[in-house]
Every structure is written in structure tokens, then in C-alpha cells.
Amino acid sequence: MAKFLELDKGTEAGIRELLGQSLRNGQVKAVFALRRTTNGAVNYSLITDPQMMEEAVPLFPSMPSNAGQLLSRLTLKGPVEGPVAVVVRPCELRALVELVKREQGSLEGFLFISFTCPGVYPLKASANGEIEGKQTQYWEAVKSGKVVPEIRPTCRACEHFIPYNADITISLVGNKDVDKRCILFLNTAKGAELVKGVGGKLSEGELETAELHAHREERLAEKKSLYDQGQLSGLGMDGLIEIFSRCIGCRGCRSACPICYCNLCTFDSFDYEYEPSTYEEELKKRGGVRIPPNTIFYHLGRLTHVGISCVGCGSCTDVCPVDIPLSAIFLQVGEAVQKIFDYIPGKDVEEDVPLATFEEVELTEIEE
Amino acid sequence: MADKEYNPKIVGFLCNWCSYAGADLAGSSKLKMPPAISSIRVMCSSRVDPVLIVTAFLRGADGVLVAGCHPGDCHYEKGNYYARRRFALLRKVMETLDLEPERFRLSWISASEGPRFKEVVTEFTEHIKGLGPNPVKEKTSL
């Protein structure tokens with residue numbers, strides 16, 4: 001049985017109050033959460049002024065960028081002087097853990113609050129207040145424990161919607177009273193310490209109810225249908241060329257990808273620019289080449305570089321200006337390569353990234 | 001092309017300490033083998049980023065061979081163990097996207113195994129001949 005705290009108010013209001021109070025009494029130095037800025041945009045912010053907590057919308061169903069990437073950047077040159085309470089989605093927390101394993105940040109000083117994640121709407125829906133208009137429908141679906149309609153395909157297909165490394169897990173999916181009661185599962189001593197003095201009722205119960213299991217089944221079915229639609233098996237080079245034929249080479253997917261952290265990307269390297277003689281050679285072979293070359297190369301290369309750590313957050317698809325279903329490909333290829341090593345990215349910070357370790361006797365099937 | 005015998009083009013990434021020396025031994029022992037392989041000497045099989053292999057395939061190589069020291073014999077102690085994981089990953093990526101993973105081969109060949117080098121090259125060349133030319137060579141929209 002796990003311990004949980006029940007506050008007698010709506011979930012988002014409860015979180016806001018808990019964090020506001022923690023700021024006021026100095027239990028945390030800062031809060032990192034989504035915030036609605038004065039012009040209506042929703043972005044991640046670091047907040048130290050308890051007053052400003054009024055603007056925090058930690059559960060807003062949008063992911064302006066993967067917070068794992070932001071927190072890695074925040075701690076790249078050294079850990080925060082905590083405690084800093086962080087409210088992020090499970091895939092964002094997983095991305096941060098992956099980055100920390102790759103020495104791109106630190107978990108030190110953070111107190112992680114996450115939730116059973118119902119998913120987010122596509123980023124493009126954040127324009128013109130579209131998401132705002134969908135809030136009622138969103139929270140009704142969350143209460144029902146069903147997969148929320150119109151959220152991103154990657155979110156629909158996500159089976160890792162229960163956070164792995166959170167100090168506090170907020171119960172959202174299937175919480176019938178999400179607008180009346182705030183239920184916080186206290187997973188660690190740090191988490192339990194934070195809620196001291198905030199009132200409410202302490203009880204014991206299970207986060208992973210039968211309802212949540214049923215929800216997982218629904219997501220798994222969604223994943224299967226996403227994979228079926230993607231039809232990667234039998235895709236082949238022609239299929240890849242077709243999918244990426246509309247890629248404009250903006251590299252937005254790479255910038256938005258939390259796992260792509262290199263400052264100097266190999267695909268921007270001068271070494272991969274063709275010499276005039278290379279163009280000639282290629283033209284002799286083919287009679288025509290796409291300009292600029294290397295579109296397929298870039299995407300295949302990125303798959304081999306980040307596939308092992310892909311958390312399936314969907315940011316790549318979200319930012320793609322020509323709507324290439326990148327995350328469906330990355331999710332499926334990523335899962336295939338992760339399976340070789342029985343690896344779930346971002347689950348355990350102590351577990352090495354599979355490419356940074358080995359067993360002396362293994363994988364003999366690939367040697368010939 | 002039609003009347004001439006098809007000679008595949010295979011790019012071989014050979015580790016300096018074992019497989020390149022093995023190839024050298026095969027050569028100086030005058031072992032006969034098909035002239036299909038273009039060797040690239042690398043300091044260790046783990047030095048070969050999978051994107052180099054992707055490059056070779058996209059630029060039209062019919063086959064790619066990576067050869068290194070036998071497990072346990074790496075000059076740098078564990079380079080080939082890392083390489084093995086990396087290429088298992090690459091092969092899985094190719095498999096998932098149906099990109100002819102059978103055009104890729106990973107083999108361990110020591111410095112003293114000239115005959116084995118000959119064997120691997122002969123076998124792999126035959127195998128690639130069976131597959132025919134890499135169709136990617138003709139794609140114009142990569």
C-alpha cells in the first residue's frame with residue numbers, strides 16, 4: 001500500500017496551493033512548472049515569488065517543449081541549489097534521466113512532482129486559444145479514465161503514462177473527482193516532507209487501480225493501431241523516401257528532441273558536405289540527385305543515434321512544419337532497439353545506457 | 001552490365017590490430033579471393049559510427065563488412081564489445097524499416113587468420129551476389 005494525501009479542492013488548485021505555501025515557508029526555493037504568461041502563452045518558468053504561483057498551470061494539456069531538455073540545460077553547468085519543486089510529465093522526467101545518464105545535467109536538488117499523464121494536445125492547437133476551448137472535454141475524458149480524444153497520436157499510444165521517478169505522483173487518469181479532490185501519492189520521504197502542514201487527509205491506497213490497468217490496455221491498443229497505420233514493416237527505402245520527401249531540412253525535430261543534446265551535430269559537419277566531385281560521381285550513378293542531399297541519411301542517422309534513448313515524447317512530430325509522422329517512426333524503431341537490451345529509457349538513473357556498457361557473452365547471433 | 005559478371009562493391013571497415021593485419025596476411029600469403037572489397041582501416045571496430053555504414057549503403061555499397069578482433073582480444077580491451085552492441089542496434093534499425101540488413105556483416109578476424117579473411121570475403125561476396133546490386137544506387141531522391 002502506498003501513502004496518499006487527499007486535499008479538499010480541485011487538483012490544479014491543490015497543487016498551486018501546496019507549491020505556493022512551500023515557497024512561502026521556504027520549504028522549496030523555487031518552483032518549475034508551466035505558467036500562463038500575461039499574453040496568454042503557456043511556457044515553462046522558474047518561479048520564486050509565491051504570488052506568481054497564481055499564474056502557474058502545472059496540468060495544462062500542452063507541452064511547449066520537453067521539460068527534460070530544459071532541466072538538463074538548467075543544470076548543465078552544475079546542479080540547482082535546491083530544493084526546487086518541479087512539475088513535469090512522465091516522458092519529460094524520463095528524458096531528463098536519460099540526459100543525466102549522458103552527463104548532460106543533474107537530478108540533484110530537484111523534487112519531482114509528476115502525474116498519471118492523460119497526454120497533451122498538439123502544439124499547433126496552442127494557437128488561437130484552441131486548447132483553452134478544449135479544457136472541459138479534456139478533463140471530462142480524464143475523469144472517465146478513457147483516452148482523451150484529439151490528443152497527440154504519440155500520447156494516445158503512450159504506455160509509460162505513470163511516472164517512474166517522481167517524489168509525488170498526482171492521480172489524474174480515472175480520478176472521478178479531479179476537479180474536487182487533489183490526490184497526491186507520496187512516493188518518497190522527500191515527497192512526504194513537502195506536504196507536511198498543508199492539511200488534508202492522509203490515507204493508504206493503490207495508485208495503479210484496475211481502472212488504470214484498463215487504461216493502459218486502451219493505450220496499448222492505440223499503440224498497435226499507430227504502428228499498423230505507420231506500416232514500418234515492408235517500408236523499405238522507397239517507403240522512407242516517400243515519407244521524407246516533404247522534409248524541408250529545417251532540423252526542427254532535432255532541436256525539439258530532448259535526447260539530441262550534441263552542441264555540434266555530426267549532420268551539420270562540414271565532412272558531410274559533398275565535394276563537387278561527389279556530386280559528379282553521384283550523378284553519374286543516378287542521373288539525378290535531390291538537393292540538398294542527405295535527407296534520408298539525416299533521419300536514419302538520428303534513428304541510430306537517439307533511438308536507444310527515445311522516450312517517445314512526440315516533440316519531433318509536434319514541431320515538424322510539414323507533418324511528417326516522425327514520432328511514430330522513432331517510437332517503433334526505438335522500442336525495437338530498446339527491446340534488444342531490455343531497456344526502458346529514463347526508468348532508472350543507475351542503469352547504464354546500453355551502448356555505454358556490455359556483457360562479455362551476448363548477441364552472438366549478430367556475428368558471422 | 002548484363003553480359004558481364006556482376007562484381008559487387010563491398011566496403012570493409014577493418015580494425016587495425018586484427019582484421020586489417022589478417023587481410024594483409026591473406027594478401028602476402030597470396031590467397032585468392034574475389035576483388036569485391038574496398039578496405040578502410042580503422043583503429044578499432046568501435047570507432048565505426050553506424051552512420052558511416054548508413055552512408056556507405058546510401059552512396060551505393062552493395063555490402064558492408066565490419067571486422068574486428070575476436071571478443072576478449074581487443075587491442076583496447078573492450079572496443080569490440082561496444083561495437084557489437086552498436087551494430088546489433090544498427091541491424092535492428094535496418095530490420096524494422098526493412099532496409100535489407102542482410103547486406104551488413106560483422107565478423108571477428110584475428111591478425112593470424114589470413115585464411116579466415118579469405119573465407120569471409122569469399123562467402124560474403126557470394127552472399128551479396130545472390131542479393132544483387134543495392135537498389136539504393138538508383139534512387140534519386142535521397
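Here is the figure for segment A:8-41: residues that are surrounded by 15 or more Cβ atoms within 10 Å (Cβ to Cβ), under 21 Å from residue A:69 (Cα atoms) and of a type in the set (Gly, Ala, Ser) total 2. For segment A:334-347, the set of residues classified as surrounded by fewer than 24 Cβ atoms within 10 Å (Cβ to Cβ), facing chain B (nearest Cβ under 9 Å) and among the β-branched types (Val, Ile, Thr) consists of A:340 only.
Restrict the check to segment A:226-233 and report whether at least one residue is in a loop (DSSP other than H, G, I, E, B), touching a residue at least 60 places away in the same chain (Cβ under 8 Å) and closer than 27 Å to residue B:49 by Cβ. Checking segment A:226-233: at least one residue is in a loop (DSSP other than H, G, I, E, B), touching a residue at least 60 places away in the same chain (Cβ under 8 Å) and closer than 27 Å to residue B:49 by Cβ. Of A:84, A:57, A:97, all but one fail to be in contact with a Phe, Trp or Tyr (Cβ under 6 Å, 6 or more places away or on another chain) and either under 18 Å from residue A:349 (Cα atoms) or in the same structural domain as residue A:143 (by TED's automatic domain parsing) (or both); the exception is A:84. Among the residues making up segment B:79-103, those that are within 7 Å of chain A (Cβ to nearest Cβ) and either in contact with a Phe, Trp or Tyr (Cβ under 8 Å, 6 or more places away or on another chain) or aromatic (Phe, Trp, Tyr) (or both) are B:81, B:82, B:84, B:85, B:87, B:90, B:91, B:99.
What do you reckon, is residue A:298 within 12 Å of chain B (Cβ to nearest Cβ), over 28 Å from the mean Cα position of the chain (by Cα) and in contact (Cβ under 8 Å) with a residue 12 or more places away in the chain? Considered against the rule, which asks whether it is within 12 Å of chain B (Cβ to nearest Cβ), over 28 Å from the mean Cα position of the chain (by Cα) and in contact (Cβ under 8 Å) with a residue 12 or more places away in the chain, residue A:298 comes out as no. Screening A:203, A:171 for residues that are surrounded by fewer than 15 Cβ atoms within 10 Å (Cβ to Cβ) and assigned by TED's automatic domain parsing to the domain that holds residue A:118 leaves exactly one candidate, A:203.
Among the residues examined, residue A:18 does not qualify as part of a helix (DSSP H, G or I), touching a Pro at 6+ places or on another chain (Cβ under 7 Å) and of a type in the set (A, V, I, L, M).
Any residue that is among the β-branched types (Val, Ile, Thr) and buried (at least 22 other Cβ atoms within 10 Å of the Cβ) - is there at least one of those in segment A:91-105? Yes: segment A:91-105 contains one or more residues that are among the β-branched types (Val, Ile, Thr) and buried (at least 22 other Cβ atoms within 10 Å of the Cβ). More than 28 Å from residue A:336 (Cβ to Cβ), at pLDDT 95 or above, assigned to a loop (DSSP other than H, G, I, E, B) and more than 10 Å from every other protein chain (Cβ to nearest Cβ) - does that describe any residue in segment B:43-64? Yes, segment B:43-64 has at least one match. If you filter segment A:275-295 down to residues that are within 29 Å of residue A:258 (Cα to Cα) and either among the hydrophobic types (A, V, I, L, M, F, W, C) or more than 9 Å from every other protein chain (Cβ to nearest Cβ) (or both), you find that the one that is surrounded by the fewest Cβ atoms within 10 Å (Cβ to Cβ) is A:291. Screening A:266, A:304 for residues that are within 9 Å of another protein chain (Cβ to nearest Cβ), crowded, with 16+ Cβ neighbours inside 10 Å, closer than 30 Å to residue B:85 by Cα and among the polar types (S, T, N, Q) leaves exactly one candidate, A:304. For residue A:255, the conditions (1) surrounded by 18 or more Cβ atoms within 10 Å (Cβ to Cβ); (2) in contact (Cβ under 8 Å) with a residue 12 or more places away in the chain are fulfilled apart from (1). Only a single criterion out of (1) out of contact with any strand residue (DSSP E or B) (no Cβ under 6 Å at 6 or more places or on another chain); (2) closer than 30 Å to residue A:281 by Cα; (3) assigned to a helix (DSSP H, G or I) is not satisfied by residue B:87, namely (1). Considering only residues of segment B:104-118 that are assigned to a helix (DSSP H, G or I) and surrounded by fewer than 22 Cβ atoms within 10 Å (Cβ to Cβ), which is farthest from the other protein chains (Cβ to nearest Cβ)? Restricting to residues being assigned to a helix (DSSP H, G or I) and surrounded by fewer than 22 Cβ atoms within 10 Å (Cβ to Cβ), the top hit is B:114. Just checking, does segment A:33-51 include any residue being within 22 Å of the chain's Cα centre (by Cα), among the polar types (S, T, N, Q) and within 21 Å of residue A:178 (Cα to Cα)? No, segment A:33-51 contains no residue that is within 22 Å of the chain's Cα centre (by Cα), among the polar types (S, T, N, Q) and within 21 Å of residue A:178 (Cα to Cα). What about residue B:121, is it touching a residue at least 12 places away in the same chain (Cβ under 8 Å), of a type outside the set (S, T, N, Q), part of a helix (DSSP H, G or I) and facing chain A (nearest Cβ under 10 Å)? When the stated conditions are applied, residue B:121 does not pass them.
Can you report the number of residues in segment A:22-66 which are hydrophobic (A, V, I, L, M, F, W, C), over 21 Å from residue A:172 (Cβ atoms), in contact (Cβ under 8 Å) with a residue 24 or more places away in the chain and not in a loop (DSSP other than H, G, I, E, B)? Summing the residues that are hydrophobic (A, V, I, L, M, F, W, C), over 21 Å from residue A:172 (Cβ atoms), in contact (Cβ under 8 Å) with a residue 24 or more places away in the chain and not in a loop (DSSP other than H, G, I, E, B) in segment A:22-66 gives 4. Tell me, which residue of segment A:81-90 that is in contact with a strand residue (DSSP E or B) (Cβ under 9 Å, 6 or more places away or on another chain) and not in a helix (DSSP H, G or I) is surrounded by the most Cβ atoms within 10 Å (Cβ to Cβ)? So, considering only residues that are in contact with a strand residue (DSSP E or B) (Cβ under 9 Å, 6 or more places away or on another chain) and not in a helix (DSSP H, G or I), the one surrounded by the most Cβ atoms within 10 Å (Cβ to Cβ) is A:86.
In the set (1) in contact with a Pro (Cβ under 7 Å, 6 or more places away or on another chain); (2) within 13 Å of another protein chain (Cβ to nearest Cβ), the condition left unmet by residue A:318 is number (2).
Only one of the numbered conditions (1) free of Cβ contacts under 8 Å to residues at least 60 places away in the same chain; (2) surrounded by fewer than 14 Cβ atoms within 10 Å (Cβ to Cβ); (3) not in a helix (DSSP H, G or I) is violated by residue A:242, and that is (3). With a requirement of 3 or more residues that are of a type in the set (Lys, Arg), the helices (runs of 4 or more DSSP H) lying completely within segment A:264-347 that satisfy it span A:276-286.
The values are calculated or read from the model by the stated rules, or taken from the named source; none is laboratory data. This structure is a prediction, so every number in the text was calculated from the model and none was measured. Ideal geometry is used to build each Cβ from the backbone, glycine not excepted, and the neighbour counts take in all protein chains shown.
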